[in-house]
Structure formats: C-alpha cells, structure tokens
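Novice: First, the structure itself, so that you have it in front of you.
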Amino acid sequence: MRSISLSAGMVAAVALATVVILVYSVVTSSLGALPGLLSADTAFSAALITLGWVVSAVRLKLLLESYGGRVRLPLLDAVAIRLIGGLVANITPSSIGGEPARAYYVSRRTGLGMAESYALVIYEVYYDVIAVNLAGVFLSIQALPLSTPVLLVAVFMSTSWLYASFKVSKTGRSVGDGSSLPRWVPGFLRSRFNALYARYLEFARSYSSVSSSIPLRVKAAAWALTLVYHTIWGLAVVPFTGSAALPLAARAVEAYFLMQSFSSLPTPGGSGAAEYGLSLLLDPSTVVKYRVLYYYYGVVVGLAVLAAYDSLLRRMGKTSG
C-alpha cells in the first residue's frame, strides 16, 4: 500500500451519497433548504465540526503516545490522519472504512509496524463504536417504534464489538504459534488458513498489547474525549435549527447520536442511514443542511488534507533518505 488514491468506486460512493441526499430532499420537500447553506450558520457549524476533529485528534495522539511511550505524534499530524480516515470512511461502503487509511499513515509517520498501527486504530474506533451505539440504544428506546431499526443496529454493534474486543484480547494473551488447525480444515486449504490465522494472531497480540499497556487514566481520558467531540459534532446541528434553546440543543445532540449509531450499517458515508437517524428527531430542512455540510466537509477537507499530507510525507522521506 504505497498511498491512498481515489478510484472509480470511491467516486461512485460519493455520487451515491449525493443522490440519496437529493432524493431525500425531494421526497421531504426540503430541497429549498439548500440555498440556506450560504449563511453564517454554516460557517459556525463548520467551525464546530473542525473543533470536533481536533479533539478527536487529541484522543489519537494520547492513545498512541501512551502505548509503550515509544513514539510521538504531533497534533497536526494526528488531525491530518484523523481527517484522512474520515475521508476514506465517507467514500467506501464500510462502517469502519477509515481505519486502514489511519493505520497506514500512523505507521508511515511513526515507524510502527502495520499490525501495531492497525491494532491501535481499531482500539481507538472501539471507543466510538461503543459510545455512539450505547447512546443509540437508550435514545432509540425513547423514539419507538420508528427507531426500531436503529435500536436493532445499536444493540448488535454494541454487543458484537464488546465480545470481539474481549475475544481478540484473550486470543492475543494466549500462547500459540498459529500451527494448530481445527480438524475440519481440509488439507488443500491448510496453507492458506495458516497464513490467515498467523495474521490474525499477529493482530490479536498487537491489540491485546495496546489495550493492556494503556494506563487506566488514559483510557478514562479517551472516553471523555470521545463523548466531548461527538457532542460537539451534535451541537454543530444547532445553527441550522434556528434556535439555541437548551431543549433544541439537546434534541440536536440526540439526533446526531442516532445518526451515528444507524450509520454503523455498511453504506458509503452512512448514505440513507444517516438521513433516517437524523429524521427521527429533526425536521427535514435541518436534516438536509446538516447532512450536506457534515458529509461534504469530510470529503472536501479530507481530500485537501490527503493531498497535502501525502506530499509532505514524501518530501520528509526524501530528506531523511
């Protein structure tokens, strides 16, 4: 993997997200809200989204530098890596599509191996998945029956990630060299299975090492930062509601968490799922404005950061070489 580049599939993912937004706008008669994006409200909301990315980068920096104390990651690098991961998540049909990109650039910037880097960013996204989906469980109960799909997704994601994290950590702590195979594996598949199993064990050991070596106080700080930056992104909805009253602000944050929870579904950038989650608590015009800004902020800013950061790392590589 030499660099992150755009492909026809990624362009198609952006096109799909655009079509979904337009269809939603037409169906809900909220297409007329789009010109309203040319306002100071949009600038304020974008500033809050930017602040959220910075706070999320602080979390990445904190977790990475707490892992063994071997590496340092400047905050600007952490912001760039977070935004690049956000870009890839927005243009690939995967609920955690951004993590391979983040792992690649963490490895490239710090010198950590890919297995360690990938384990670290998966451990990082674990905080997001658990936080937004536990919130999604409780908030969707209040919006039943329309929120039933969100509730089902939130329960599944919460329980599956908790179990997977426990299982992978346990595997990583156990002794094994990957040579033992289940009896049911056919002989002609054994070599391929051995290779895949060895890679899984390498990831499991790295994940277990990451999760066990980070101090409890750092984990507590990571949980706090996770809630803070997601709340900030939820507050970025408020400028589009026309009121900063506390009940409306709380409702905006709740809608955001429902959006993020349902966007765990593997659709490009949460296409369809995001609109549905927001619509449970917000009017269509607010949904359209926030969805357009939130999605295209991630794509446009992410593309700019990707081009600049990749070029910077290449120049740094030539200088060090």
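Throughout, read-outs are computed from the coordinates displayed, never taken from laboratory work. For clarity, every value in this text was computed on a predicted model and none was experimentally measured. Note: ideal-geometry Cβ built from the backbone for every residue, glycine included; neighbour counts use all protein chains shown.
Novice: Taking Rh as the Kirkwood radius computed over C-alpha pairs, what is the Stokes-Einstein D of the range 211-260 at 10 °C in a medium of viscosity 1.306 mPa s, expressed in µm² per second?
Specialist: 131
Novice: Just to be sure I understand: if I project the alpha-carbon convex hull of the range 192-288 onto a plane and average over all orientations, what area do I get in nm²?
Specialist: Over every viewing direction, the Cα hull of the range 192-288 projects on average to 8.9 nm².
Novice: Right, something else. What does the charge add up to near Leu112, with Lys and Arg as +1, Asp and Glu as -1, over the other residues with Cβ less than 15 Å from its Cβ?
Specialist: Computed value for this residue: +1.
Novice: Count charges around Lys61 for me, please; just the other residues with Cβ under 12 Å from its Cβ, Lys/Arg as +1, Asp/Glu as -1.
Specialist: Counting the neighbours of Lys61, the net charge comes to +1.
Novice: Where a Cα-Cα gap under 16 Å defines reach, which aspartates and glutamates qualify for Lys167, not counting those fewer than 8 residues away within the same chain?
Specialist: Within the straight-line cut-off, Lys167 pairs with Glu202.
Novice: Using only the Cα atoms of the chain, construct the convex hull and provide its projected area averaged over every direction, in square nanometres to one decimal.
Specialist: Value for the chain: 19.0 nm².
Novice: Taking only C-alpha pairs under 8 Å that are 6+ residues apart, what is the relative contact order of the chain in percent?
Specialist: 30
Novice: Could you please rank Trp161, Trp53, placing first whichever residue has the fewest other Cβ atoms within 10 Å of its Cβ?
Specialist: Trp161, Trp53
Novice: Divide by every residue of the chain the summed helix terms, -39500 (n - 2.57) for each DSSP H run of at least 4, and state the resulting mean residue ellipticity at 222 nm, rounded to the nearest 500 deg cm²/dmol.
Specialist: Result for the chain, helices only: -25500 deg cm²/dmol.
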